[in-house]
Amino acid sequence: MPKLNEQELHNLAMNIVGKDLEDNGYDFLGVNSKLKRNPQFVALKNTKLHFVIVRAIQYPDDPKNFDRIFMETIKEHALKFNARTFYAGVGLANSADYEKPITSEEDYVVNYQGWQEV
């Protein structure tokens, strides 16, 4: 069974966060799903700009933890645009065995508790 590569895991996380943003009334001004390109989402709600950084985090790492130094650089960039900055970590694991890689042919478990402001 082919395991999902880093870009495929990232796309999965992007879909989860994108749907959440959409469900909460955000309009997308920009979407960037390439790895190492930030922010992933530039979204608008109530005339306010939001930069959202998305990360796919594999078990056993905690999806709520993030690189504070990196996020501060994103926040500084966002402030130039009068935007708020958010981090959205999406925890992913193979549902049959958390220790096994996530594959395209098996179910997976999602640990996503929304985005958090930086």
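The values are calculated or read from the model by the stated rules, or taken from the named source; none is laboratory data. Just so we're clear, the structure is a prediction, and the values are computed from it rather than from any experiment. For neighbour counting, all protein chains shown are included, and Cβ atoms are generated from backbone atoms with ideal geometry for every residue, glycine included.
Below is a table of values for the structure above.
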read-out	value
Only listed residue being without any contact (Cβ under 8 Å) to a residue 12 or more places away in the chain and hydroxyl-bearing (S, T, Y), chosen from T47, T85, T103	T47
Residue list for the stretch 12-30, restricted to those being surrounded by 13 or more Cβ atoms within 10 Å (Cβ to Cβ), under 14 Å from L49 (Cβ atoms) and among the aliphatic types (A, V, I, L, M)	L21
Selection from the stretch 78-111 of residues that are part of a loop (DSSP other than H, G, I, E, B) and of a type in the set (V, I, T)	I102
Test: residue in the stretch 47-59 that is of a type in the set (V, I, T) and exposed (fewer than 13 other Cβ atoms within 10 Å of the Cβ)	yes
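Listed here are the residues, each with its yes/no results for (1) under 25 Å from V109 (Cα atoms); (2) at pLDDT 95 or above; (3) within 11 Å of the chain's Cα centre (by Cα).
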| residue | (1), (2), (3) |
| --- | --- |
| L4 | yes, yes, no |
| E22 | yes, yes, no |
| D27 | no, yes, no |
| G30 | no, yes, no |
| F41 | yes, yes, yes |
| A56 | yes, yes, yes |
| P60 | yes, yes, no |
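Condition check ((1) touching a residue at least 12 places away in the same chain (Cβ under 8 Å); (2) closer than 20 Å to E6 by Cβ) across all residues:
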| position | (1), (2) |
| --- | --- |
| G25 | yes, no |
| G30 | yes, no |
| D67 | no, yes |
| V110 | yes, yes |
| Q116 | yes, no |
